[in-house]
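What follows is a set of notes on a single structure, which appears directly below.
Any read-out appearing in this document is the output of simple, stated calculations on the displayed coordinates, not a laboratory observation. None of the values given here were measured: they were computed from a predicted structure. Virtual Cβ from ideal backbone geometry, glycine too; neighbours counted across all protein chains shown.
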Amino acid sequence: MPILKKSPKDDAKKRPEAAAPAPAKKTAQPLSLLRGMRDLLPPDLVYLRHIQAVIAKVAQAYGFAEIETPLVEETALFARGVGKTTDIVEKEMYTWDTASGESVSLRPEGTASVTRAYIQHGMLNMPQPVKFWYTGPMFRYERPQAGRFRQFYQAGLETIGDADPIVDAQLILIAHLVAKELGIESIVRINSIGTPDARANYKNALVSYFRSKRSKLSEEDKKRLLKNPLRLLDSKEPGMQELKAEAPQMVDWLDEESRVHFTRVLEYLDEAGVPYELDPYLVRGLDYYTKTVFELFATSDDQELAQSAICGGGRFDGLVELLGGRPTPAVGLAFGLDRLMSRLKDRQALPPVVEHADVFLAQLGEMGRKRTLPIFEEFRQAGIKVGEAMSKSSIKSQMELANKLGAKWAIVIGQKEVLDGTAIIRDMDAGTQEIVDAKKLVHEIRKKLGK
Ligand code: HAM
């Protein structure tokens, strides 16, 4: 029989890839996170939820009720509330126009939204003060660095409708207590920036001082001098330290009312044993503040971390009116949860979560596997934690997992058990087995677990 010779051409027709290697199939480029954003993985969330729970507990004990406002608000709320010339509004907001042409922004902070809600829901007419706490993500398009993210988490407390200095002290005490409860020793840096009038006078004094030093200012600081001179006080530009030391200080410009208020706050803090330091340069980056401003710092931090506050707040007596309500004093604070989280994680403050099951549900064959779905649910409803590997067919790997989960008992359901209406209960330590009526399975396991 003649041997049919195949030409390479024939091959090429049938199997083109054999003739000329096709260009390598492009694998899709993996997509990754946006800069400044991060995933919170299960171990991170153990820390975040723990911190939120501690804050919730303290807040509730002090009479704060939880509120949740939307992540998206009208841009005007923040422009008006936080201040048009602040870094937050000028440079850091995620802002876009909706299909209907409204300018909206992701919230960069919570105080403006909570104040809007207070006005919008007529809470001015409730017994005052109204005390809220909240937690959730905030968004600022900042340069990412240690402890600074573009989506970050805060928990805040706001007391609206109370002008008494003891309320300022109460909030600062809460900040200190929360840190303590989380195992973080902290110190408060505190200042008073007075009433808007006193601040305006001080601003003029500051502007004329820094104008006389203009040639020594960086370009960034020259811009601050024009737009937001108070921010010169927390400028970190080289050479500023000496200039600031000579600059007029807010305390010398405080109006009588603010001075008395500040003294009272400090007296209350002394009484409560909250450690604090006066910081004449503390002005904060949001325009709504009046009188008391403060930040909380962890004392045990290394150099880099020590520069980032774990909590910030102050009085905002003008905000309710600015947003369209009647004049109403208020004071509040917000914790930076990412910063608290990283401190707790660094010292492994929480035990790692170990997955555990009271009992393991194993199956053999298709009939057994089908039964595991309803049986699992029966156990869940009975409050018994069940481990499973419903997609696995090897009994060996199912038993290995049962051991890993620390289950004392394994239930085995195979074809025979389904047909007989029974189930096998295996004692994982002793290796012994017994057969029980499937209808009494939950009851039997409950008895064994002593539940
Ligand atoms: P804030 O100082 O801008 O104040 O933020 C409060 C805390 O949030 C900061 O101390 C810091 O721990 C954390 N934080 C701020 N920005 C970031 C970021 N980019 N990444 C990580 N953490 C950050 C406020 O937001 C005011 N609403 C606080 C307040 C409430 N004042 C009165 N009531």
Checklist entry - In which sequence would Ile445, Ile411 go, from the one with the fewest C-beta neighbours within 10 Å to the one with the most? => result Ile445, Ile411
Item to check | Among 313-326, 46-59, the order from most to least packed when residues are scored by Cβ within 10 Å on average | outcome: 313-326, 46-59
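So for region 329-451: antiparallel DSSP bridges make up what percent, rounded to the nearest 5?
Numbers: 9 of 17 bridges.
So the antiparallel bridges in region 329-451 amount to around 55 percent.
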Next on the checklist: Please list, in order along region 40-53, the HN-Hα scalar couplings obtained from phi with the Karplus expression 6.51 cos²θ - 1.76 cosθ + 1.60 (θ = phi - 60°), rounded to whole Hz, x for Gly and Pro.
Outcome noted: 9, 7, x, x, 5, 5, 4, 5, 4, 5, 4, 4, 4, 5
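If the only charges are +1 at each Lys and Arg Cβ and -1 at each Asp and Glu Cβ, what is the size of the charge dipole of region 244-319 around the Cα centre, to the nearest 20 debye?
That gives region 244-319 a dipole magnitude of about 200 debye.
Please rank Phe376, Phe262, fewest neighbouring Cβ atoms within 10 Å first, as an exposure proxy.
Phe376, Phe262
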Checklist outcome for this item: Simple spin-label estimate for Asn201/Arg143, 7 Å along Cα→Cβ, in nm, reads 3.7
Checklist entry - How do Ile174, Ile395 line up, fewest other C-beta atoms within 10 Å first? => result Ile395, Ile174
Checklist entry - So which of Lys396/Lys439; Lys131/Lys227; Lys392/Lys447; Lys385/Lys408 end up more than 23 Å apart, counting from Cα to Cα? => result Lys396/Lys439; Lys131/Lys227; Lys392/Lys447
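Between Ser300 and Ala99, what is the FRET efficiency for a Förster distance of 60 Å, r being their Cβ-Cβ separation, to the nearest 0.05?
After rounding to 0.05, the efficiency reads 0.75.
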Checklist entry - Among bridges DSSP assigns within the chain, what percent are antiparallel (round to 5)? => result 80
Item to check | Gap separating the Cα centres of region 119-153 and region 268-299, nearest whole Å | outcome: 19
